[in-house]
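Enquirer: Provided herewith is a single structure, encoded as structure tokens, for subsequent inquiry.
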Amino acid sequence: MADSVFSNLPAPKPDAILALMGKFRADERAEKIDLGVGVYRDAEGATPVMSSVKAAQEKLVSEEVTKTYVGPTGDKEFNALLAELALGESVEKERVASMQTPGGSGALRVLFELVNEARPGATVWVSNPTWANHIPMLKASGLSTQAYSYFDATSGDVRFDDMLASLNECPQGDVVLLHACCHNPTGANLDLDQWSQVGKLLVERGLLPFFDMAYQGFGDGFDEDAKGMRLVASMVPECVIALSCSKNFAVYRDRVGAAVVVAANSEEATLAMGQMGSIARRSYSMPPNHGAAIVKGVLQDPSLKADWIEELESMRLNMLNLRTSLANELRRLSNSDRFDFLAKHRGMFSRVGLTTEQVDWLRENRAIYMVGDSRINIAGLPADKIEYVASAIIDALANA
Ligand SMILES: Cc1ncc(COP(=O)(O)O)c(C=O)c1O
């Protein structure tokens, strides 16, 4: 008898973060702390619906008259609003193609496929390290990957000279994937002067910048976080941007995002939009619209938009306070500036700089969960547990 259809499937590779979540759930110790999962948490450890989002949702539910398809490229108004949020006035509007997608991941996948259609098998350079899903997605889209130098695990800084040296080696026509702000997993980011140097190099070498913008508003402020990307966009002839609303609107499960292309001219923007629509059509056909309609509702209502910015800002400041407190506590306990980089980092994540053994030790002996590369989610840190976590880190350094 022939083999059954699915018998030859390989077992999926275990996902480190999902496995960690499972272990955390099964842990019965009351003092357990989850610094692994990448969602924003408030002081109570909850990931609430933002009040501006809730208000826009209620309005949508009471006024919505149809749930018919939105078409492969989504809602035109939403697309324009999202492109404007990211790009501001940095490029001419007629050069921009923007398409609603299922989350930032949907945007990444559509844009990777678009790049692969334009330049089959092109090489995309990713930072070392990068978000765990980038390389699998790039490969699944038919692209090749290489890594550029990025993070110095000892100092917690960007290895900027090495980064420039790596990019200087990229053959003309290659693509460079850049975290627009709040680098995941390291938390280390470029300053504006460094962005300008990167932009210059991209132009000189004829490289295509590909921005992943998943945390706008989580770093230094909503517009501040887009400054580097906007500067580069204004310097280069073309670029692409994958936008996610999952974190900054806290609409994770509603799947809201946009794929944006800044083309050389309006004709090429039209071509890009057409191809993005075809890619959507042959993969998921049409994007979900509930979350996108809510985001549009927030952005189109000046009072809801002001509420949203205020809420986002308080989330950002909360993370910043946690960073500073943890860095201060570690400085006090270690009597050194070894962990000062935590206060300089921005966004939800930082890499603490522990070995796998130390990470395991913290989980087994102090019920503190972090990803194996010692990435922590700053927002997962309860304010009243900072001393506990800091002294556990010092103990791990001494004992593991
Ligand atoms: C760097 C980065 N890019 C993209 C995404 C995708 O976000 P979404 O949940 O909107 O698909 C994430 C989510 O964690 C991320 O960290």
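Enquirer: Pick out, from PRO102, VAL389, LEU202, the residue whose Cα sits farthest towards the positive end of the charge dipole of the chain, with +1 on the Cβ of Lys and Arg and -1 on the Cβ of Asp and Glu.
Expert: The listed residue farthest towards the positive side: PRO102.
Enquirer: Taking the Cα centre of the range 69-300 as origin, work out the dipole magnitude from +1 charges on Lys and Arg Cβ and -1 charges on Asp and Glu Cβ, in debye rounded to 20.
Expert: 880
Enquirer: With +1 on each Lys and Arg Cβ and -1 on each Asp and Glu Cβ, how big is the dipole of the chain about its Cα centre, in debye rounded to the nearest 20?
Expert: 700
Enquirer: How would you rank 274-281, 132-139, highest first, on the average number of other Cβ atoms within 10 Å across their residues?
Expert: Going from most to least packed, we get 274-281, 132-139.
Enquirer: Rounded, prolate or oblate: which fits the range 172-310 when a ≥ b ≥ c are the square roots of the eigenvalues of the alpha-carbon gyration tensor, with rounded for a/c under 1.5 and prolate only if a/b beats b/c?
Expert: Cα axes put the range 172-310 in the oblate bin.
Enquirer: On to the next question. If you build a Gaussian network model of the chain, linking Cα atoms that sit under 10 Å apart, which residue out of GLY74, GLY228, GLY121 swings the most?
Expert: The residue that fluctuates most here is GLY121.
Enquirer: Another question, if that's okay. Size of the dipole of the range 252-400 about the Cα centre, Lys and Arg at +1 and Asp and Glu at -1 on the beta carbon, nothing else charged, in debye to 20?
Expert: Approximately 240 debye in magnitude.
Enquirer: For the range 69-300, divide the Cα radius of gyration by the Kirkwood radius and give the resulting Rg/Rh value with two decimals.
Expert: My calculation puts Rg/Rh at 0.94.
Enquirer: With unit charges on the beta carbon (Lys/Arg positive, Asp/Glu negative), name the residue among ASN377, GLN300, ASN335 whose Cα is farthest towards the positive pole of the charge dipole of the chain.
Expert: ASN377
Enquirer: When only C-alpha pairs under 8 Å and at least 6 residues apart count, what is the relative contact order of the range 69-300, in percent?
Expert: It comes to 32 percent, rounded to a whole number.
Enquirer: Right, another one. How high is the relative contact order of the chain, in percent, counting Cα pairs under 8 Å that sit 6 or more residues apart?
Expert: Dividing the mean separation by the residue count of the chain yields 25 percent.
Enquirer: May I pose another question? Cα centroids of the range 276-336 and the range 70-102: how far apart, whole angstrom?
Expert: The range 276-336 and the range 70-102 have Cα centres spaced 18 Å from each other.
Enquirer: Then there's this: With each run of n ≥ 4 DSSP H residues scored as -39500 (n - 2.57), what mean residue ellipticity at 222 nm is computed for the chain after dividing by its residue count and rounding to the nearest 500 deg cm²/dmol?
Expert: Taking each H run of at least 4 residues, the total per residue is -14500 deg cm²/dmol.
Enquirer: When the chain is treated as a GNM, springs tying every alpha-carbon pair under 10 Å, which of LYS385, LYS305, LYS296 comes out with the largest mean-square fluctuation?
Expert: Among LYS385, LYS305, LYS296, the largest GNM mean-square fluctuation belongs to LYS385.
Enquirer: Of the peptides 372-384, 343-355, how do they stack up when ordered by the mean number of other Cβ atoms within 10 Å, highest first?
Expert: 343-355, 372-384
Enquirer: Roughly what angle does helix 386-399 make with the longest principal axis of the chain, taking Cα atoms, 0 to 90 degrees, to the nearest 10?
Expert: That works out to roughly 70 degrees.
Enquirer: Students often get this wrong, so check it: of LYS54/LYS296; LYS200/LYS227; LYS32/LYS385; LYS93/LYS305; LYS93/LYS247; LYS67/LYS93, which have C-alpha atoms separated by over 18 Å?
Expert: LYS93/LYS305; LYS93/LYS247; LYS67/LYS93
All of the numbers you see were taken from the coordinates with simple rules; none came from a lab. Predicted model, so just to flag it, every value in this text is computed and none were measured. Neighbour counts run over all protein chains shown; Cβ positions are idealised from the backbone, glycine included.
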